[in-house]
Amino acid sequence: MSAATECPLDSWEDYRNAVLDLLAGARTNLVVFDPTLEETGLESPRGVELLVALAKRSSREDAIRVLVRDTAFIERDCPRLQRVFADFSHRITLRALTPDQQIPDNTFTIADNVNLALLFHFASPRGRVNLDDGLAADPLAQFETLWEFSGPGPNYVSLGL
């Protein structure tokens, strides 16, 4: 087992790289809580490639869970991401917060329940990355609570008609 490490995040590029690096290293699961996904890099060709790889690699039905505040960016600007959601609906779930839910200020991505990329406030790129660290547990508990009371996101499953 490797030692826990922490690195600061100081720019949007740092944050996108951290999210994509966590996704690249994920073995079984990924959870993402982000207001819109605009700054995560998941819509990029590399992000889509890594999502597909994890969806294929993991045998978990809940391999990738994504929780957003607003789906407008995904619906308007993310055709590649929509395609991945449709093709891997058996491994990827997108949900949206309901209007009455308290919205946390932070945003985070957690891979395999131990690797964390966290922004202290969704409007600022300042945050940290924790690897192999128990610090992922607090945001994960927050995610599970939000997930339980969130609503279904858009359904991108093709009907094959």
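General remarks:
- Loop-located GluC sites (Glu not before Pro) in the range 28-132 (DSSP state other than H, G, I, E, B) with a sparse environment of at most 10 neighbouring Cβ atoms within 10 Å: 61.
- Applying the criteria of a DSSP loop state and at most 15 other Cβ atoms within 10 Å to the trypsin sites (Lys or Arg not before Pro) of the range 1-107 yields 27, 60.
- Only helices enter the 222 nm calculation for the chain: every DSSP H run of n ≥ 4 contributes -39,500 (n - 2.57), and dividing by all residues gives -10500 deg cm²/dmol, rounded to 500.
- Three principal axis lengths of the chain [C-alpha, angstrom, descending]: 51, 36, 28
- With K and R counted +1 and D and E -1, the other residues having a Cβ less than 15 Å from that of residue 123 yield a net charge of -4.
- Net charge, residue 84 excluded, C-beta distance under 15 Å - Lys, Arg +1, Asp, Glu -1: +2
- Local net charge near residue 132, Cβ-Cβ under 12 Å (Lys/Arg +1, Asp/Glu -1): -3
Laboratory data are not the source of any read-out in this text; all were calculated from the coordinates shown. Keep in mind that this is a model prediction, so the values were computed, not measured. Please note: Cβ atoms are built from the backbone with ideal geometry, for glycine as well, and neighbour counts cover all protein chains shown.
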